[in-house]
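Structure first, commentary second.
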Amino acid sequence: MATLKSKANPLEPHFFDDVSQFFDHAAQFTSHSHGLLDQIKVCNSVYRFRFPIRRGDNIEVVDAWRVEHSHHKSPTKGGIRYSEMVNEDEVMALAALMTYKCAIVNVPFGGAKGGIKINPKNYSVAELETITRRYTVELIKKNFIGPGIDVPAPDYGTGEREMSWIADTYLTMNPGQLDALGSVTGKPISLHGIDGRRAATGRGVAIAIRECVDIAEDMEELGFSTGLEGKRVIVQGLGNVGYHTAKVLIEFGATIVGICEYDGALYNPDGMDPDEIIEHRKNNGTILGFKKAQKEFRLPAEGLEQDCDILVPAALENQITEENVGRIKAKIIAEGANGPTTPGAEAIFVEKGGIIIPDMYCNAGGVTVSYFEWLKNLSHVAFGRMDKRYEELANLNLVNTVESITGQSLSAAQRKTIIKGASELELVNSGLEDTMIRSYHEIREILKGNRKIDTLRTAAFVSSIDKIAVSYQNMGIWP
Ligand code: GLU
């Protein structure tokens, strides 16, 4: 690990390089040929396009990308990002991470990512709709979207609204295509989305952290007790991922001591409620000035360096670098965002004994539930619709029989809990939880099984490289 160093000039785009460095480092612990490793690592298709939109009396040219990183499985899958910072290097890196992410959690997709270089805050809703629909049309023209081809989803700067525009455009251009709704996930429930998708990434991050802190042997090494009760957490980003991570962590017993946003950071060792902070920002236009914070920082990055046990970067890439990692107090970093820690920073953090729960596993809850949504769209039926009542009837029969045999009766509350059939949300959350728990232990076992493997990230890469290699071998491409 000590050999990993972030690129010399941090001002140049280096995200894809960072991902490739992590990949190369892990590849030495696999037994695949250079050719196969190269094929896994490169981006298969990079589509860069520009299109005009009308703004007032002017024409503005919009820059956009869609990158399909790996076709070892179809469709490819990954979000679409709207941000002024979007560039080709970033979209390629994010697409690559999607490939590894899907492999780790056994979601049968290749990786992809899209990006539009705009700051959505500078555009009206009507303009955003025009941009999104035009972007979709451009993808359709080049066969870069479809339920069996490439399936977008939300990412930084996009959400259910954008996904419904994409779905509607795709449906309009593909009349009669029975599976057309499977062309995009993260849709609103009213447009055949799935219950639980919005919170899925954050819920997955929280489950990943809970799994990590429940292992006594690993916590002893950090000088921590097991469990989330009383653990102090700083979350960077109160967007969809950060917000839901914070909410579920509180549900699991943790204390949110810090929140960092683009307009500043807040800290209170006794804990803060993310809903109250959001309400405060709604009324005041900034998170600063929140009365229940003991300290506030105008420089958001300072918030990351405050006292805590766990740090959750859930905003953007390149946040924890060789420059600031020495000042991070947390002993666990759980990567809610993609690529928040550079290779050099990770080397320093892990050398000091810290644990990083890597992005490609930690934030995989989103794509996991996207997979469930895609399955729902292809099967044209909501989860639980066929069996919920049947299950309830079977449970009722069982309870009645047990009561009549034993002569004892359950309370109304007990009956209700036992009899109830599973709702779609319960099934989704159960599938998500199982996926996150299984995958954590799969990665950890790889880490513990080879003394030379230094981090959970390396182990996660080894796991996904091996799985992707098997897919290629199954295709008969690589004997
Ligand atoms: N954008 C999310 C991610 O980075 C979700 C992707 C998806 O659901 O396809 O994992």
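Just so it is clear, none of the values below were taken in a lab; they were calculated from the coordinates. Just so it is clear, the structure is predicted and the values come from calculations on it, not from any experiment. Here the Cβ positions follow ideal geometry from the backbone for every residue, glycine too, while neighbour counts run over all protein chains shown.
For region 30-75, the set of trypsin sites (Lys or Arg not before Pro) satisfying both a DSSP loop assignment and a count of at most 12 other C-beta atoms within 10 Å is empty. Legend: ranking of residues S225, S20 from fewest to most surrounding C-beta atoms inside 10 Å; resulting order S225, S20. The label-point distance for L375 and V46, in a model that sets each label 7 Å from Cα toward Cβ, rounds to 3.5 nm. Along its principal axes, the chain has C-alpha extents of 75, 60, 59 angstrom, given from the largest down. Model label sites at D434 and N106, defined 7 Å from Cα along the beta-carbon direction, differ in position by 0.9 nm. From the alpha carbon centroid of region 261-306 to that of region 103-167 is 31 Å. Length gained on full extension, Y390 to E445: 15.9 nm, using 0.36 nm per residue less the C-alpha separation. Rounded to the nearest 5, the antiparallel percentage of DSSP beta bridges internal to the chain is 50%. The modelled label-to-label distance between M85 and A422, using points 7 Å beyond Cα along the C-beta direction, is 3.8 nm.
Roughly how many debye, to the nearest 20, is the charge dipole of region 364-413 about its Cα centre, given +1 on each Lys and Arg Cβ, -1 on each Asp and Glu Cβ, and no other charges? Don't jump to the answer; show the numbers that get you there.
On the way: 4 positive and 5 negative charges, 33 e Å.
Here region 364-413 has a charge dipole of around 160 debye.
Residues T458, T201, T132, T286, arranged from fewest to most other Cβ atoms within 10 angstrom of their Cβ, appear as T286, T132, T458, T201. What number comes out for the charge environment of L37, summing +1 per Lys or Arg and -1 per Asp or Glu over other residues with Cβ under 15 Å away? Overall, the nearby charge balance is -1. Computed from Cα atoms alone, the Kirkwood hydrodynamic radius reported for region 101-212 is 15.2 Å.
Panel order for I259, I419, I453, I215, by other beta carbons found within 10 Å of each beta carbon, from fewest to most: I215, I419, I453, I259.
Going down the table (K5/K142; K5/K247; K187/K448; K113/K295; K113/K247), which pairs top 32 Å between alpha carbons?
K5/K142; K5/K247; K187/K448; K113/K295
Summing charges over all other residues whose Cβ lies under 13 Å from the Cβ of W65, with Lys and Arg as +1 and Asp and Glu as -1, gives -1.
Near G253, once Lys and Arg are set to +1 and Asp and Glu to -1 for all other residues with Cβ below 12 Å from its Cβ, the sum equals 0.
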